[in-house]
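Enquirer: Let me begin by handing over the structure; questions about it come next.
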There are 2 protein chains.
Amino acid sequence: MVGIKDVAKAAGVSISTVSRVLSNGEYVSDDVKERVHAAVEALQYRPNRVAQSLRSQKSQIIGLIVADIQNPFFTAVSRYVQDAAYENGISVFLCNTDEKADKESQYIDLMHEENVAGIILAPTHQSHSSINRIINLHIPVVVIDRQVENTSIDSVYIDNTAAAYKLTLHLLENGYRKISAIIGSGSTTGKLRYQGIIQALYENNIAADKFLLRFVNATLNEGYTSTLELLDSDNRPDALIATNGLLAAGAFRAFRERKISIPDEMGFACFDETIWTALMDPPITVISQPTQDLGRTAVELLLNKINDPSNAAREVMLKSTLIPRESTKRNGQEK
Amino acid sequence: MVGIKDVAKAAGVSISTVSRVLSNGEYVSDDVKERVHAAVEALQYRPNRVAQSLRSQKSQIIGLIVADIQNPFFTAVSRYVQDAAYENGISVFLCNTDEKADKESQYIDLMHEENVAGIILAPTHQSHSSINRIINLHIPVVVIDRQVENTSIDSVYIDNTAAAYKLTLHLLENGYRKISAIIGSGSTTGKLRYQGIIQALYENNIAADKFLLRFVNATLNEGYTSTLELLDSDNRPDALIATNGLLAAGAFRAFRERKISIPDEMGFACFDETIWTALMDPPITVISQPTQDLGRTAVELLLNKINDPSNAAREVMLKSTLIPRESTKRNGQEK
DNA sequence: CTGAAAGCGCTAACAA
DNA sequence: TTGTTAGCGCTTTCAG
């Protein structure tokens, strides 16, 4: 391993001079600068970030904690977080919690032990203690995909309630009345979306039906079985909303199996645009979330906080978009 | 920050004793052990991995370098790699190269600077120098998704050629003759799959047609435009193979747009099972790759190498599975 | 069985 | 403008 000492020797200077050249280059003569750079080049020297981190108590690593990278929403977000991090020479630890509190807290320990510069956290609804934990550890944090009551925390989220409201309204406008939803129970976004749905229902004088609005684990399988229950009941809805991509796939499978005709027999819409939603038969109406913006903004906020922890916390709300497609267009009925 | 010193003081022992208790616990009296553990508990002490890493020249971090986490194959693999890593108390850096050589090499530098314990690399076809680089840096590495000529490297890959052969045969057996393919050009798996395809063609006395077998960038858009070209030519194929999920989605979009009826007018199959493939209309025949096995095996091999670098390199080939569905079943024609 | 002491590779005062 | 020095928090000989 070639260390700063080797470079110093090769360049005929002291190690602190090398360090100086490599960090900012101030107060160093051009001559020395050149010699150092030449030596670095010749020896293929790369500073040891572990040593840097230990000594300076800073690091170039951030943690990204999400429920499941296979959830298309998080896949997209994590991609964009990584892009933004890469542009800043930062590495990212990716962690899947599966919405398990114990995994989440273990990962936070890990992040702490690795002395990460900051954490981007997509919390489950039980994450209150996790967030406090991170704060007590004095680790800069930005929370994504959720609004946090504690005003001193940076956060980026989308207009969940408004989006769900908009989507429900869209269904109503297309003639659907008996609207059901399968809602991810692990995340807080689920609750917010639920609120948007019942608000739209309420404003249109439709009584909320507990049976039709279901909180389930955000997995394909739960989406499937839950939809099946809905379909097989004598209280069958005429439209269904799935609050994420996994649930949507499960619901779709159930429709297939029961040979439900969409959009005539049943309207269908979901959250999260993926490469497949537009290609289904029929194409699915979705709420598209601004994942790229979300990822980049999260990194931006985090770096801000890291660079100056005294910076006031910011709260950024991003707008999602309704993409109307065939799956909610009742026969001939145009909006 | 609470350090080992604080624990030592609280337990009334020296720091080396604390270290000993925490590392293996050998040669320490039960009494002392208890006191140390109590102090650790009381102070909520967590060892600083950065210091550990610097001092011991080991680390608990591995790097995972893939082309694009949004490629469903890599999404799945990375999830399973992370699961396996988590079970071993290891963190993972995730890096997307977009198949760009410069990004790949920058990430390798980064991994080196962060002193990672090892790297799991899904190489592009230009990765030869990257691999050499990693080896020169003495970083344990396992290559996934590709067979490496250098026999001293651990690798896990699937039977790409055989899978493509099997898939092509399936198409032929279902009465398709003019078989085309859009093949990801960035990865080496593409070439292997190409070989499987032409082998099947050759054995069935079908002349290979350069026009029909195309190497393209593994993106949705290239899949789309390339398929469009195929469809609009006067040399239109009667079946298409897409060698990954992104290309498949692009192809499907093209079919939609040209209102191609599948499987009658055109047979269609692709690599990579996702939650959507079975839900399309018609359901798509796929080659399902053993992503979970791949991820876990990669971690296993890597840990082996890390624990004892003198271990002989192993090469593991995993079998993929053909899942026949409607998209390759010509009207009434049963295999 | 336990403690003292020497660093891992680097940064940041402080001197010169 | 440059070098000397003292650690960052921990592991690991080497004595005791």
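The values are calculated or read from the model by the stated rules, or taken from the named source; none is laboratory data. Everything numeric in this text was worked out from a predicted model, so none of it was measured. Cβ placement follows ideal geometry from the backbone for every residue including glycine, while neighbour counts extend to all protein chains displayed. Only protein heavy atoms, including side chains, enter the accessible area calculation; ligands, DNA and RNA are left aside. Shrake-Rupley method; radii C 1.70, N 1.55, O 1.52, S 1.80 Å.
Enquirer: I need a count of the residues in segment B:273-308 that are hydrophobic (A, V, I, L, M, F, W, C) and either at positive phi or within 14 Å of chain A (Cβ to nearest Cβ) (or both). Steps first, answer last, please.
Expert: Kept after step one, since they are hydrophobic (A, V, I, L, M, F, W, C), are these residues of segment B:273-308: B:275-276, B:278-280, B:284, B:286-287, B:294, B:298-299, B:301-303, B:306.
Checking which are either at positive phi or within 14 Å of chain A (Cβ to nearest Cβ) (or both) leaves us with B:275-276, B:278-280, B:284, B:286.
Residues meeting the conditions: 7.
Enquirer: Answer with yes or no whether B:ASP98 is modelled with pLDDT of 95 or more, away from DNA strand C (no atom under 16 Å from the Cβ) and of a type in the set (D, E, K, R). Walk me through it before giving the result.
Expert: Details: modelled with pLDDT of 95 or more: no; away from DNA strand C (no atom under 16 Å from the Cβ): yes; of a type in the set (D, E, K, R): yes.
Against the criterion (modelled with pLDDT of 95 or more, away from DNA strand C (no atom under 16 Å from the Cβ) and of a type in the set (D, E, K, R)), B:ASP98 does not qualify.
Enquirer: Can you work out which of the residues in segment A:1-46 that are more than 10 Å from DNA strand C (Cβ to nearest atom) and within 14 Å of another protein chain (Cβ to nearest Cβ) is nearest to B:GLN106 (Cα to Cα)?
Expert: Start the filter on segment A:1-46 by keeping residues that are more than 10 Å from DNA strand C (Cβ to nearest atom), which leaves A:9-13, A:25-26, A:28-44.
So of that shortlist, the ones also within 14 Å of another protein chain (Cβ to nearest Cβ) come out as A:40-41, A:43-44.
Values: A:VAL40: 16, A:GLU41: 15, A:LEU43: 17, A:GLN44: 13 Å.
Checked segment A:1-46; the qualifying residue nearest to B:GLN106 (Cα to Cα) is A:GLN44.
Enquirer: Can you list the helices (runs of 4 or more DSSP H) lying wholly within segment A:63-163 that have 1 or more residues being under 15 Å from A:VAL299 (Cα atoms)?
Expert: Output list reads A:72-87.
Enquirer: (1) under 23 Å from B:LYS191 (Cα atoms); (2) open to solvent by 20 Å² or more (accessible area, probe 1.4 Å): which one isn't true of B:PRO140, the others all being true?
Expert: Among (1) under 23 Å from B:LYS191 (Cα atoms); (2) open to solvent by 20 Å² or more (accessible area, probe 1.4 Å), the lone unmet condition for B:PRO140 is (1).
Enquirer: Run down B:GLN82, B:GLN70 and say which single residue is assigned by TED's automatic domain parsing to the domain that holds B:ALA122, touching a strand residue (DSSP E or B) at 6+ places or on another chain (Cβ under 6 Å) and away from DNA strand D (no atom under 16 Å from the Cβ).
Expert: Numbers: B:GLN70 fails: touching a strand residue (DSSP E or B) at 6+ places or on another chain (Cβ under 6 Å).
B:GLN82 is the lone residue from the list that is assigned by TED's automatic domain parsing to the domain that holds B:ALA122, touching a strand residue (DSSP E or B) at 6+ places or on another chain (Cβ under 6 Å) and away from DNA strand D (no atom under 16 Å from the Cβ).
Enquirer: Could you grab me the full set of residues in segment B:74-84 that are buried (at least 24 other Cβ atoms within 10 Å of the Cβ) and either touching a residue at least 40 places away in the same chain (Cβ under 8 Å) or more than 7 Å from chain A (Cβ to nearest Cβ) (or both)?
Expert: In the first step, residues of segment B:74-84 are kept if they are buried (at least 24 other Cβ atoms within 10 Å of the Cβ); the result is B:74-75, B:77-78, B:81.
Listed by number, the residues that qualify are B:PHE74, B:VAL77, B:SER78, B:VAL81.
Enquirer: I'd like the full set of residues that are within 29 Å of A:GLN70 (Cα to Cα) and either at pLDDT 95 or above or not assigned by TED's automatic domain parsing to the domain that holds A:GLU265 (or both), limited to segment A:171-192. Give the steps one after another, and end with the answer.
Expert: Keep residues of segment A:171-192 that are within 29 Å of A:GLN70 (Cα to Cα), which gives A:171, A:179-192.
If the condition is that a residue be within 29 Å of A:GLN70 (Cα to Cα) and either at pLDDT 95 or above or not assigned by TED's automatic domain parsing to the domain that holds A:GLU265 (or both), then A:LEU171, A:ILE179, A:SER180, A:ALA181, A:ILE182, A:ILE183 are the ones that fit.
Enquirer: Taking A:SER288 as the residue in question, decide whether it is touching a Pro at 6+ places or on another chain (Cβ under 7 Å) and modelled with pLDDT of 95 or more.
Expert: Numbers: touching a Pro at 6+ places or on another chain (Cβ under 7 Å): no; modelled with pLDDT of 95 or more: yes.
Answer is no for this residue.
Enquirer: Just to be sure before I move on: is A:PHE93 open to solvent by 10 Å² or more (accessible area, probe 1.4 Å), facing chain B (nearest Cβ under 10 Å) and of a type in the set (A, V, I, L, M, F, W, C) in the structure I sent?
Expert: Numbers: open to solvent by 10 Å² or more (accessible area, probe 1.4 Å): no; facing chain B (nearest Cβ under 10 Å): yes; of a type in the set (A, V, I, L, M, F, W, C): yes.
Against the criterion (open to solvent by 10 Å² or more (accessible area, probe 1.4 Å), facing chain B (nearest Cβ under 10 Å) and of a type in the set (A, V, I, L, M, F, W, C)), A:PHE93 does not qualify.
Enquirer: Considering only segment A:47-66, state which residues are touching a Gly at 6+ places or on another chain (Cβ under 8 Å), open to solvent by 10 Å² or more (accessible area, probe 1.4 Å) and either within 16 Å of B:VAL92 (Cα to Cα) or more than 8 Å from DNA strand C (Cβ to nearest atom) (or both).
Expert: Quick first cut of segment A:47-66, residues touching a Gly at 6+ places or on another chain (Cβ under 8 Å) only: A:48, A:60, A:62-63.
Narrowing further to those that are open to solvent by 10 Å² or more (accessible area, probe 1.4 Å): A:48, A:60.
A:GLN60, the sole residue that qualifies.
Enquirer: Further, regarding this structure: Out of the residues in segment B:276-317 that are among the aliphatic types (A, V, I, L, M) and surrounded by fewer than 16 Cβ atoms within 10 Å (Cβ to Cβ), which is farthest from B:SER78 (Cα to Cα)? Lay out the reasoning, then the answer.
Expert: So the first thing to find is which residues in segment B:276-317 are among the aliphatic types (A, V, I, L, M), and the list is B:278-280, B:284, B:286-287, B:294, B:298-299, B:301-303, B:306, B:312-313, B:316-317.
If we keep only those that are surrounded by fewer than 16 Cβ atoms within 10 Å (Cβ to Cβ) as well, we get B:312, B:317.
On the way: B:ALA312: 25, B:MET317: 18 Å.
So, considering only residues that are among the aliphatic types (A, V, I, L, M) and surrounded by fewer than 16 Cβ atoms within 10 Å (Cβ to Cβ), the one farthest from B:SER78 (Cα to Cα) is B:ALA312.
Enquirer: Could you list, in sequence order, all residues of segment A:272-330 that are touching a residue at least 60 places away in the same chain (Cβ under 8 Å), in a loop (DSSP other than H, G, I, E, B) and touching an Asp or Glu at 6+ places or on another chain (Cβ under 8 Å)?
Expert: Within segment A:272-330, A:GLN289, A:ALA313, A:ARG314, A:LYS319, A:SER320, A:ARG330 qualify.
Enquirer: Just one of (1) in a strand (DSSP E or B); (2) assigned by TED's automatic domain parsing to the domain that holds A:ILE139; (3) not aliphatic (A, V, I, L, M) trips up A:PHE268, so point out which.
Expert: (2)
Listed here are the residues, each with its yes/no results for (1) closer than 20 Å to B:PHE215 by Cα; (2) open to solvent by 10 Å² or more (accessible area, probe 1.4 Å).
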{"position": "B:ASP145", "(1), (2)": "yes, yes"}
{"position": "B:ASP154", "(1), (2)": "no, no"}
{"position": "B:THR161", "(1), (2)": "yes, yes"}
{"position": "B:ALA181", "(1), (2)": "yes, no"}
{"position": "B:LEU201", "(1), (2)": "yes, no"}
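Enquirer: With B:GLU114, B:GLU87 as the choices, which residue is within 29 Å of A:ALA84 (Cα to Cα), facing chain A (nearest Cβ under 9 Å) and of a type in the set (Asp, Glu)? Full working, then the answer.
Expert: Working: B:GLU87 fails: facing chain A (nearest Cβ under 9 Å).
So the residue among B:GLU114, B:GLU87 that is within 29 Å of A:ALA84 (Cα to Cα), facing chain A (nearest Cβ under 9 Å) and of a type in the set (Asp, Glu) is B:GLU114.
Enquirer: Taking segment A:10-49, which residues are among the charged types (D, E, K, R), free of Cβ contacts under 8 Å to residues at least 24 places away in the same chain and within 11 Å of DNA strand D (Cβ to nearest atom)?
Expert: A:ARG20, A:GLU26, A:ASP30, A:ASP31, A:LYS33, A:GLU34
Enquirer: Among the listed residues B:TYR224, B:TYR202, B:TYR176, B:TYR194, which satisfies the condition of being more than 14 Å from chain A (Cβ to nearest Cβ), of a type outside the set (A, V, I, L, M, F, W, C), within 19 Å of B:VAL286 (Cα to Cα) and part of a helix (DSSP H, G or I)? Working first, answer last.
Expert: Numbers: B:TYR224 fails: more than 14 Å from chain A (Cβ to nearest Cβ); B:TYR202 fails: within 19 Å of B:VAL286 (Cα to Cα); B:TYR176 fails: part of a helix (DSSP H, G or I).
That would be B:TYR194, the only listed residue that is more than 14 Å from chain A (Cβ to nearest Cβ), of a type outside the set (A, V, I, L, M, F, W, C), within 19 Å of B:VAL286 (Cα to Cα) and part of a helix (DSSP H, G or I).
Enquirer: Give the residues of segment B:50-59 that are within 11 Å of DNA strand D (Cβ to nearest atom) and part of a loop (DSSP other than H, G, I, E, B), sorted by residue number.
Expert: To start, the set of residues in segment B:50-59 that are within 11 Å of DNA strand D (Cβ to nearest atom) comprises B:50-58.
B:GLN57, B:LYS58 - these are the residues of segment B:50-59 that are within 11 Å of DNA strand D (Cβ to nearest atom) and part of a loop (DSSP other than H, G, I, E, B).
Enquirer: Looking only at residues in segment A:1-46 that are in a loop (DSSP other than H, G, I, E, B) and open to solvent by less than 30 Å² (accessible area, probe 1.4 Å), which one is modelled with the lowest pLDDT? Show your work before the answer.
Expert: Of all residues in segment A:1-46, those in a loop (DSSP other than H, G, I, E, B) come to A:1-3, A:12-14, A:24-29, A:44-46.
Still in the list and also open to solvent by less than 30 Å² (accessible area, probe 1.4 Å): A:3, A:25, A:28, A:45.
Details: A:GLY3: 93, A:GLY25: 79, A:VAL28: 89, A:TYR45: 95.
Per the criteria, the residue is A:GLY25.
Enquirer: Moving on to the next point. Go through (1) within 16 Å of DNA strand D (Cβ to nearest atom); (2) modelled with pLDDT under 95 for B:SER105 and report which single condition fails.
Expert: (1)
Enquirer: Answer yes if at least one residue in segment A:250-264 is in contact with a Cys (Cβ under 7 Å, 6 or more places away or on another chain), touching a residue at least 40 places away in the same chain (Cβ under 8 Å), buried (at least 16 other Cβ atoms within 10 Å of the Cβ) and within 14 Å of chain B (Cβ to nearest Cβ), and no otherwise. It would help to see each step written out before you state the result.
Expert: Filtering segment A:250-264 down to residues in contact with a Cys (Cβ under 7 Å, 6 or more places away or on another chain) leaves none.
Among the residues of segment A:250-264, not one is in contact with a Cys (Cβ under 7 Å, 6 or more places away or on another chain), touching a residue at least 40 places away in the same chain (Cβ under 8 Å), buried (at least 16 other Cβ atoms within 10 Å of the Cβ) and within 14 Å of chain B (Cβ to nearest Cβ), which makes the answer no.
Enquirer: With the condition kept exactly as written, say whether any residue in segment B:242-258 is touching a helix residue (DSSP H, G or I) at 6+ places or on another chain (Cβ under 7 Å) and in a strand (DSSP E or B).
Expert: yes
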